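What follows is a short report on a single structure.
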Amino acid sequence: MIHLFFIFALLLCFLPLLPGMVGLLLPSLSWIPTLGFDSVSISAFYDVATWPNLSASIALSLSTGLGSTVLALFFTYTILKRYWGTSRWLKLERTLSPMLAMPHVAFAIGFSLLFSPTGWVFRLIGALGISDVAGIDLIQNNLIQDNYGIGLMLALAIKETPFLIIMSIPILKQLNVEQLSKVSASLGYSHLETWRKVIIPQWLPKLRLPLFAVAAYGLSVVDIALILGPTRPATLSVLVWQWFNDPDLQQLPRAAAGASLLLFITAASLGLIRLVEWLSFKHQRGWITKGAKAVKNAKRNPIRHLALYSPFIAIPVLIVPLLFVWSFAHRWRFPDLLPSRYSERFWLQELPTLTDLISTSLLLAFVSSALALILVIACLEYRQKFQRALPAWLIAIPLVTPQLSLLFGIQIVTYIIPGQHYWLWVSWSHLIFVFPYMYLALDGAWRSYDVRLDQCSRSLGLTAWQTWWRVKRAQVQPAIIFGLAIGISVSLAQYLPTQMLGAGRISTLTTEAVALASGQDRRVMAIYGLLQGILPFIFFTLAIVANRLSYRWRHYRQYSLQNTHISNKSKEYTHG
């Protein structure tokens, strides 16, 4: 049975990637027989190359994608260097999950309401009477849909930093930073030198895959770029998305060629990141092995680091209440700090639509996450039993490949199958992107499980299923519950898979939030953004509560069994 599940996971999650790439390349070469393109040609690439402002769009994608990656990496390094191993780290670690749980679209909507020229930050600056300070006007007009993509780059960097920090935690624990710091200090290294010369050369290579995922997402993001990014010209991913939505099907080869160009740029950028990492370590090897250097002023300045870290807590904390206030605002003139009138009219107006959207979003999330959970557990059990695991590069493909390029090819392949199975295609596309995240979330729990417990329980007469349910499930259950919450939040945040595989016939909270964010009423936009941000937070909270209740129940049951055993022994002793 476990063989069937393993093969089923390969067929369902990874085999479609190959025809997906073929389905991208053939249309880009103008070979679509159903539309009358029967001969191979590179005319679509010529159309893309001669498109006005294409170079500007590519430059914007590179600057925002790679710039946000470098900023997120710098923020991650600064925060880890300052707080790892300190008394504040536990508090900081607890705030990471809520920051990571907020979907990108809800974060982008809240970011736009905070930093737009009439946003709440500039209302606060006006109320404090410092709006005339030099530079405020420049910042006020260059953060949302600015020509250089500065706001988009900052928003991506702030949103991806908690992800890189969470991915760094198991790496630093494995490196045993405390022991490395003690040994380095005994050799005369300062705290800064320890991190630069000892920890970074070991931490950065192991962070390569999450860093590639962040870079690929920044280079190919569509939903956040539609809300925060520049419009004239737009980034390359948004430009390709506009070509894809062209009602003239004869322009489909141009969209495919643009998606191929986006895939090439992303692959080249990831190669560039790897080259920079290799060259940096190669040329800095002498400096790294030079030894400790006397530091004149080893005193650290915590205020500067606190100022760098504060946006990652302050912005997500401000976004949810700001969306809540905007959803009930009836009249809110600039520069008033709060609305002058409130109303529930927009909630009542959107309630029937919201009910359908929430039910569709949750149903897709439950189906894709439940199926992904079964397949992930089967693959992990298969690895433990037969020592054959899914290759890491295969799991990484959906994470580091631009969604727009990958889904374009998969959509072309679905056209071959007759019928309008849009709900099936959308749930399948969600499964493709949920599976890698759930696999990474559960992988650590399976690796840390001691297989000798299985041997002991089997020697006591338990069957294989009884061993898994009574012994192993208790050990991996917290990871399963938390992984399920991650899968649901990943599914709820999917925009391009729902739009492309659903052909616009299936609407979710995310798709409607992105559509409403481009020019609709801010109060309606805030309602959709608020609900899109709260739903994953609810599931993460439920996961934490369920794990705590389960932990207390197991200890209560164990304590009750021990007391019953002692009581029976006492009765035997008394009657004896």
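The values are calculated or read from the model by the stated rules, or taken from the named source; none is laboratory data. The structure presented is a predicted model; accordingly, all values stated were derived computationally and were not measured. Cβ: placed from backbone, ideal geometry, glycine included. Neighbour counts: every protein chain shown. Please note that ligands, DNA and RNA were not included when accessible areas were found on the heavy atoms of the full protein model with its side chains. Shrake-Rupley method; radii C 1.70, N 1.55, O 1.52, S 1.80 Å.
Overview of values
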quantity: Within the range 142-176, tally of residues that are within 28 Å of Thr194 (Cα to Cα) and assigned to a helix (DSSP H, G or I); calculated: 19
quantity: Matching residues, the range 497-520, being open to solvent by less than 10 Å² (accessible area, probe 1.4 Å) and part of a helix (DSSP H, G or I); calculated: Pro497, Thr498, Met500, Leu501, Leu509, Thr510, Thr511, Ala513, Val514
quantity: Only listed residue being open to solvent by less than 60 Å² (accessible area, probe 1.4 Å), under 18 Å from the mean Cα position of the chain (by Cα) and at pLDDT below 85, chosen from Ala493, Ala445, Ala441, Ala485; calculated: Ala441
quantity: 3 or more residues open to solvent by 10 Å² or more (accessible area, probe 1.4 Å) and farther than 15 Å from Ile313 by Cα: qualifying helices (runs of 4 or more DSSP H) within the range 86-128; calculated: 104-115, 120-128
quantity: Flag for Arg473 being open to solvent by 10 Å² or more (accessible area, probe 1.4 Å), in a helix (DSSP H, G or I) and outside the structural domain of Gln145 (by the TED database); calculated: yes
quantity: Residues being more than 17 Å from Phe212 (Cα to Cα), open to solvent by 80 Å² or more (accessible area, probe 1.4 Å) and part of a helix (DSSP H, G or I) - total across the range 275-292; calculated: 4
quantity: Among (1) out of contact with any His (no Cβ under 8 Å at 6 or more places or on another chain); (2) in a helix (DSSP H, G or I); (3) open to solvent by less than 10 Å² (accessible area, probe 1.4 Å) - the single one Leu211 does not satisfy; calculated: (3)
quantity: Number of positions in the range 8-35 that are under 18 Å from Ala396 (Cα atoms) and not small (Gly, Ala, Ser); calculated: 11
quantity: Yes/no for Leu24 being in a helix (DSSP H, G or I), at pLDDT below 85 and open to solvent by less than 50 Å² (accessible area, probe 1.4 Å); calculated: yes
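For every residue, the table says whether it meets (1) open to solvent by less than 50 Å² (accessible area, probe 1.4 Å); (2) in contact (Cβ under 8 Å) with a residue 24 or more places away in the chain.
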{"site": "Phe5", "(1), (2)": "no, yes"}
{"site": "Cys13", "(1), (2)": "yes, yes"}
{"site": "Trp31", "(1), (2)": "no, no"}
{"site": "Asp38", "(1), (2)": "no, no"}
{"site": "Ile42", "(1), (2)": "no, no"}
{"site": "Ala56", "(1), (2)": "yes, yes"}
{"site": "Ala59", "(1), (2)": "no, no"}
{"site": "Thr69", "(1), (2)": "yes, yes"}
{"site": "Tyr77", "(1), (2)": "yes, yes"}
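Let's see how each residue does on (1) open to solvent by 40 Å² or more (accessible area, probe 1.4 Å); (2) within 16 Å of Gly65 (Cα to Cα):
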{"residue": "Ser168", "(1), (2)": "no, no"}
{"residue": "Gln174", "(1), (2)": "yes, no"}
{"residue": "Ala185", "(1), (2)": "yes, no"}
{"residue": "Glu193", "(1), (2)": "no, no"}
{"residue": "Ser220", "(1), (2)": "no, yes"}
{"residue": "Ala225", "(1), (2)": "no, yes"}
{"residue": "Val238", "(1), (2)": "no, yes"}
{"residue": "Ser260", "(1), (2)": "no, no"}
